[in-house]
Amino acid sequence: EKSSRSYTISMNTIKLFLLVYIFSYLALIFFWRIYITWKKTGSNPIKYDAEDSAHNFIGKIFIMLLGFSIGTALIYIFFEEFYNLLIPINSLELPFLSIFGFIISWLSLLWVFVGQSQMGADWRIGVDKDKKIKIINKGIFGFSRHPIYLGVITTSFSLFLIMPNIINLFLFITTSLILNIQARLEEEYLLQKKKKEYTEYKSKTPRWL
């Protein structure tokens, strides 16, 4: 039996939105940014490798979570007959929650895009031990030490609001935990390399917001 939704916005509108959003997110936040950084630096900005370390383990889990998040959206868009397998939370299938999810999803995409742009050629996914450390503390980095991770967590939450189900709730919670660990791993590394500068930045700027 299909999950019941009495929406003032149609299911097709939600599906179209999700499709456009997923394409935009992957194109702007991942493929375009990876290409731009590679063109500027000549190196791959994704810094996870095969080494058996906490950093690489967290990276692999994050990539899996990203894949699962895209997968749940694609099931919702193209395979509605299987959506109930994700265990919908019917009590949260409310028009205002979906609209709120729409709004914050695009705001979070913009937030992440701005953060990446402000990092410029210094943007990386993971810790780049071969690159000279530069502490970025201007722009939105003056409000948050990890604005890009904050944007990704907000994106995961917005997808849960648009498609409230147990799997998306699990993905949101797990993404939040993983990025909290990743943020701390990066902070430890930055404190090792730039203790005085990063300690000063850390004292003035919250980890999240």
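Tabulated results
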item: Index of the failed condition, V127 passing every other in (1) touching an Asp or Glu at 6+ places or on another chain (Cβ under 9 Å); (2) aliphatic (A, V, I, L, M); (3) assigned to a helix (DSSP H, G or I); result: (3)
item: Check on D130, under 30 Å from E197 (Cβ atoms), surrounded by 14 or more Cβ atoms within 10 Å (Cβ to Cβ) and acidic (D, E); result: no
item: Single unsatisfied condition, K15 versus (1) within 18 Å of L94 (Cα to Cα); (2) at pLDDT below 90; result: (2)
item: Near pairs, Cβ below 9 angstrom, 6+ apart or cross-chain, from the range 141-154 (at pLDDT 95 or above) to any residue that is of a type in the set (K, R); result: G142/K204; S144/R207; R145/K202; R145/R207; H146/R207; L150/R207
item: The listed residue being of a type in the set (S, T, Y), open to solvent by less than 20 Å² (accessible area, probe 1.4 Å) and not in a helix (DSSP H, G or I), out of S144, S156; result: S144
item: Breaking point among (1) within 20 Å of I166 (Cα to Cα); (2) open to solvent by less than 80 Å² (accessible area, probe 1.4 Å); (3) not hydrophobic (A, V, I, L, M, F, W, C), for S91; result: (2)
item: For I133: the one exception among (1) touching a residue at least 60 places away in the same chain (Cβ under 8 Å); (2) assigned to a helix (DSSP H, G or I); result: (2)
item: Odd one out for F82 among (1) without any contact (Cβ under 8 Å) to a residue 12 or more places away in the chain; (2) under 27 Å from I125 (Cα atoms); (3) hydrophobic (A, V, I, L, M, F, W, C); result: (2)
item: Test set (1) more than 30 Å from I14 (Cα to Cα); (2) of a type in the set (A, V, I, L, M, F, W, C); (3) at pLDDT 95 or above - A54 fails condition number; result: (3)
item: The range 18-57, residues that are open to solvent by less than 40 Å² (accessible area, probe 1.4 Å) and not hydrophobic (A, V, I, L, M, F, W, C); result: Y21, S24, Y25, R33, T37, S43, P45, S53, H55, N56
item: Residue check for K60: of a type outside the set (S, T, N, Q), part of a helix (DSSP H, G or I), surrounded by fewer than 13 Cβ atoms within 10 Å (Cβ to Cβ) and touching a Phe, Trp or Tyr at 6+ places or on another chain (Cβ under 8 Å); result: yes
item: Considering residues of the range 194-208 that are of a type in the set (K, R) and in a loop (DSSP other than H, G, I, E, B) only, the residue modelled with the lowest pLDDT; result: K194
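The values are calculated or read from the model by the stated rules, or taken from the named source; none is laboratory data. Keep in mind the model is a prediction, meaning the values are calculated, not measured. Using ideal geometry, Cβ is built from the backbone for each residue, glycine included, and neighbour counts are taken over all protein chains shown. Calculation scope for accessible area: heavy atoms of the full protein, side chains included, ligands and nucleic acids excluded. Shrake-Rupley method; radii C 1.70, N 1.55, O 1.52, S 1.80 Å.
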